[in-house]
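Read the structure below first, then the notes.
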Amino acid sequence: MEIQSCDALAGKKCQPCEGGVEPSTLEHAQEQLKHLDGWYLTHDGQRIRKDWTVKNFVAGMAFFNKVMELAEGDAHHPDIHLEGYRNASIEMWTHAIGGLSENDFILAAKIDQVPIELNS
């Protein structure tokens, strides 16, 4: 996998992954995340995550509904969390390979383009 800009990633479509693909190396993931604002590694570099503080519960659910449509369209589904009614987070990895694939970075770039009503 090559390092790509956020725009280049967002212009791609996730590809089906049923395994048999090597997960991204830690070094590659760290370099790729330099191009994705606010995303960071978790679980020893096996997942990526981003956190937001939304305006209120409704804003969080509206954001998650948009992310759901996006994820469903790409057939790549993140874990989404809303805690304390304003603390939103999304975590991703490619389950079939037990680590990160290009799909995770593609969906992260697309999620970054989804409007979100933040707490000011």
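If Rh is defined by the Kirkwood formula over all Cα pairs and Rg also comes from Cα, what ratio Rg/Rh do you get for the chain?
0.96
Electrostatic tally near P23: other residues with Cβ closer than 13 Å to its Cβ, Lys and Arg +1, Asp and Glu -1, net -4. For segment 1-49, a crude dipole built from +1 on the beta carbon of Lys and Arg and -1 on the beta carbon of Asp and Glu, taken about the Cα centre, is about 200 debye to the nearest 20. A Cβ-based charge dipole, computed about the Cα centre of segment 1-88 with Lys and Arg at +1 and Asp and Glu at -1, lands at about 400 debye.
Please give every one of the lysines within straight-line cross-link reach of K13, meaning a C-alpha to C-alpha distance under 26 Å, and leave out same-chain neighbours fewer than 8 residues apart. Correct list for K13: K34, K50, K66, K110.
Could you calculate the contour length gain from E117 to D74, that is, 0.36 nm times the residue separation minus the distance between their Cα atoms, to one decimal place in nm?
Details: separation 43, 0.36 × 43 = 15.48 nm, distance 2.34 nm.
Contour length minus the Cα-Cα distance gives 13.1 nm.
Which residues make up the longest stretch of the chain that has no GluC sites (Glu not before Pro) in a DSSP loop with at most 15 other Cβ atoms within 10 Å? No qualifying site falls inside 19-116, the longest such stretch.
Only the coordinates and a few stated rules stand behind these numbers; no lab work does. Given the structure is predicted, the values throughout are model-derived calculations rather than measurements. Methodologically, a virtual Cβ is constructed for each residue, glycine included, from the backbone with ideal geometry; neighbour enumeration extends over all protein chains shown.
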